[in-house]
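Written out below as C-alpha cells is the structure these notes cover.
The values are calculated or read from the model by the stated rules, or taken from the named source; none is laboratory data. As the structure is a prediction and not an experimental result, all values here were calculated from the model. Using ideal geometry, Cβ is built from the backbone for each residue, glycine included, and neighbour counts are taken over all protein chains shown.
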Amino acid sequence: MKAMGRTAQRGTSQRGTVNRRRAILLMGPTGSGKSDLAMRLAETLPIEIVSVDSALVYRGMDIGTAKPAAADRARTTHHLIDIRDPAESYSAGEFTRDAQRAMQEIWQRGRQPLLVGGTMLYFHALTHGIAALPEADAEVRAAIDSQAASSGWAAVHEELHQVDPAAAARIHVNDPQRIQRALEVYRLTGETITSLQQQRVSVFDDVDVTEFAVAPLERRDLHTRIEIRFGAMLASGLLAEVRALFERGDLSMEHSSMRAVGYRQLWRHLAGWCGLSEAGIQAIAATRQLAKRQLTWLRRREQAQWFDSMHPQVARMMLDALSQGGFTASSDVTHRGVLC
C-alpha cells in the first residue's frame, strides 16, 4: 500500500474564500469499513454522505449490500440510497447527474459532501467527466439492426468509418453492439461519438477535492473481513432477502441488480444450480475478486492519500489531514474528541 502523503486537492484555488466548495472522496474496496468510518467522520464534520455504490441505489437489497442502518441514515443525511427498484437500470451517467444535484443541495445548506463507496467507475465518471450522449432510441436501433441483417455488420462498420473514422478504428468489425451505439449517436445528434466523448467536463472542475483511499495493510486481513462479513449477512437473513427478490417473478440474472456479488450466487442456489454451501464459497471468492479489482482502480488514482482502515486512529488521522488542507478553517470544524 502507498505510504500516507499530503492531502491531494484539485479544482480552483480559492484559499482566501471561507465558503469555497469542497468535497471529500472516501474510497476503498468492499469490506474495508468505509461506511463505519464515514459515520465517525460525520460525528465531527459538517457533512452529508453521498453514496457511490451501484448496489445501494436499489430498494429491497439491504443485507447483501451492507446498506447503512436506518439509525445511521436518520443521524446523518445520506443521498443516492434506495432510489431505484431492482428491475430498473442505473447508469454511470445517471449517477453523475444525481450526485451533482445532491452536492449542489448540500453546498446550498452550507455543508460539504462526503462521497463514500467502492464503485470505482462512478468515481472515475465524477472526476474525469462523462460524455453527454443521447439515450438509446429503439427506432434508430431497429433501423440499424435491419440494415445489418440485409447488408452485414461489415457494411454497417464501413458506414461508421465514413462518418467517424476514429470510432471505426477503435471498434472491431465483429463488435455489433458498439458499432450500433456509435452510429446511433451520430444519427440522433449529427455529431460523432468521438467528438462528444472529447467534451467531458469534470463535476469537480471548480471544487477543492480531497481524496482518501482506505484498506487494510495486509490483503489477508481484508480477505478475512470479507469472509466474516458474508457469514454475518447469511445469519442476518440474506438468503430470505434474495428469495423475496427471486419470487417476485419480474427479475432475472440479466438485471444489473441481481448481478451484484452475493445476490448472483444465492440466486443460482435458489434456481437449483448449486447448493447453499457452494454458493457461499462462490460469493466469498467473487467478493475477493471484486476487492482486488477495486484496489487496482484505486492505485491509479494518483491524488489519493492512503490510510490503513484497521488503524485505531484512522479517523483522527483523516481529520488531521483535512485540517492541514484547510477544511477545518473553511468549515468551522471543531474537534470534539469523539474520535480519540
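Inspect segment 126-148 for any residue being in a loop (DSSP other than H, G, I, E, B) and at pLDDT 95 or above and give the result as yes or no. Explain how you work it out, then say what you get.
Going through segment 126-148, the residues in a loop (DSSP other than H, G, I, E, B) turn out to be 129-137.
Subset that is at pLDDT 95 or above: none.
Looking for residues that are in a loop (DSSP other than H, G, I, E, B) and at pLDDT 95 or above, one finds none in segment 126-148, hence no.
Taking the criterion of being over 30 Å from residue 258 (Cβ atoms) and in contact with a strand residue (DSSP E or B) (Cβ under 7 Å, 6 or more places away or on another chain), the residues of segment 81-112 that qualify are 106, 111, 112.
When 214, 156, 209 are checked against the criterion of being modelled with pLDDT of 95 or more, of a type outside the set (Gly, Ala, Ser) and over 28 Å from residue 100 (Cβ atoms), a single residue qualifies: 156.
Considering segment 273-302 alone, what residues qualify as being surrounded by fewer than 16 Cβ atoms within 10 Å (Cβ to Cβ) and more than 18 Å from residue 234 (Cα to Cα)? Within segment 273-302, 273, 289, 292, 293, 296, 299, 300, 302 meet the criteria.
Condition first: more than 28 Å from residue 266 (Cβ to Cβ), buried (at least 19 other Cβ atoms within 10 Å of the Cβ) and of a type in the set (A, V, I, L, M, F, W, C). Now tell me which residues in segment 208-237 satisfy that.
Filtering segment 208-237 for residues more than 28 Å from residue 266 (Cβ to Cβ) gives 208-213, 217-218.
If we keep only those that are buried (at least 19 other Cβ atoms within 10 Å of the Cβ) too, we end up with 208-213.
The answer is 209, 212, 213.
Suppose the filter is closer than 28 Å to residue 296 by Cα and either surrounded by fewer than 17 Cβ atoms within 10 Å (Cβ to Cβ) or among the hydroxyl-bearing types (Ser, Thr, Tyr) (or both); does residue 187 pass it?
Values: closer than 28 Å to residue 296 by Cα: no; either surrounded by fewer than 17 Cβ atoms within 10 Å (Cβ to Cβ) or among the hydroxyl-bearing types (Ser, Thr, Tyr) (or both): yes.
So residue 187 does not fit the description; no.
Answer yes or no as to whether residue 90 is of a type in the set (Ser, Thr, Tyr), within 23 Å of residue 60 (Cα to Cα), assigned to a helix (DSSP H, G or I) and under 21 Å from the mean Cα position of the chain (by Cα). Working first, answer last.
Values: of a type in the set (Ser, Thr, Tyr): yes; within 23 Å of residue 60 (Cα to Cα): yes; assigned to a helix (DSSP H, G or I): no; under 21 Å from the mean Cα position of the chain (by Cα): yes.
No: the conditions fail for residue 90.
Take residue 211 and tell me if it is among the charged types (D, E, K, R), within 17 Å of residue 308 (Cα to Cα) and touching a strand residue (DSSP E or B) at 6+ places or on another chain (Cβ under 8 Å). Talk me through it step by step, then tell me what you get.
Values: among the charged types (D, E, K, R): yes; within 17 Å of residue 308 (Cα to Cα): yes; touching a strand residue (DSSP E or B) at 6+ places or on another chain (Cβ under 8 Å): yes.
The answer is yes for residue 211.
Summed over segment 115-133, residues that are touching a helix residue (DSSP H, G or I) at 6+ places or on another chain (Cβ under 6 Å) and under 21 Å from residue 65 (Cα atoms) total 5.
Residue 202 - would you say it is modelled with pLDDT under 95, in a helix (DSSP H, G or I), surrounded by fewer than 18 Cβ atoms within 10 Å (Cβ to Cβ) and under 28 Å from the mean Cα position of the chain (by Cα)? Let's see the steps before the verdict.
On the way: modelled with pLDDT under 95: yes; in a helix (DSSP H, G or I): no; surrounded by fewer than 18 Cβ atoms within 10 Å (Cβ to Cβ): yes; under 28 Å from the mean Cα position of the chain (by Cα): yes.
In short, no.
Among the residues making up segment 238-263, those that are assigned to a loop (DSSP other than H, G, I, E, B), touching a helix residue (DSSP H, G or I) at 6+ places or on another chain (Cβ under 9 Å) and crowded, with 17+ Cβ neighbours inside 10 Å are 251, 261, 262. Residue pairs whose Cβ atoms lie under 7 Å apart, separated by 6 or more positions or on different chains, with the first residue in segment 83-96 and closer than 17 Å to residue 125 by Cβ and the second basic (Lys, Arg) and not in a loop (DSSP other than H, G, I, E, B), are 90/84. State whether the residues of segment 59-79 include one that is assigned by TED's automatic domain parsing to the domain that holds residue 97, assigned to a strand (DSSP E or B), within 25 Å of residue 231 (Cβ to Cβ) and not polar (S, T, N, Q). The answer is no, given that none of the residues of segment 59-79 is assigned by TED's automatic domain parsing to the domain that holds residue 97, assigned to a strand (DSSP E or B), within 25 Å of residue 231 (Cβ to Cβ) and not polar (S, T, N, Q).
Take residue 168 and tell me if it is in a helix (DSSP H, G or I) and either farther than 30 Å from residue 67 by Cα or in contact with a Phe, Trp or Tyr (Cβ under 7 Å, 6 or more places away or on another chain) (or both).
Details: in a helix (DSSP H, G or I): yes; either farther than 30 Å from residue 67 by Cα or in contact with a Phe, Trp or Tyr (Cβ under 7 Å, 6 or more places away or on another chain) (or both): yes.
Yes, satisfied.
Residue-level check: of (1) assigned by TED's automatic domain parsing to the domain that holds residue 36; (2) surrounded by 19 or more Cβ atoms within 10 Å (Cβ to Cβ); (3) more than 17 Å from the chain's Cα centre (by Cα); (4) not β-branched (Val, Ile, Thr), residue 167 misses just (1). Is at least one residue of segment 101-112 in contact (Cβ under 8 Å) with a residue 40 or more places away in the chain, in the same structural domain as residue 259 (by TED's automatic domain parsing) and closer than 30 Å to residue 245 by Cβ? Scanning segment 101-112 turns up at least one residue that is in contact (Cβ under 8 Å) with a residue 40 or more places away in the chain, in the same structural domain as residue 259 (by TED's automatic domain parsing) and closer than 30 Å to residue 245 by Cβ. Sort out which residues of segment 35-76 are more than 27 Å from residue 244 (Cβ to Cβ), among the β-branched types (Val, Ile, Thr) and under 18 Å from the mean Cα position of the chain (by Cα), and write them in order of number. Correct list: 50 only.
Kindly evaluate residue 278 against the criterion of being in contact (Cβ under 8 Å) with a residue 40 or more places away in the chain and in a helix (DSSP H, G or I). Against the criterion (in contact (Cβ under 8 Å) with a residue 40 or more places away in the chain and in a helix (DSSP H, G or I)), residue 278 does not qualify.
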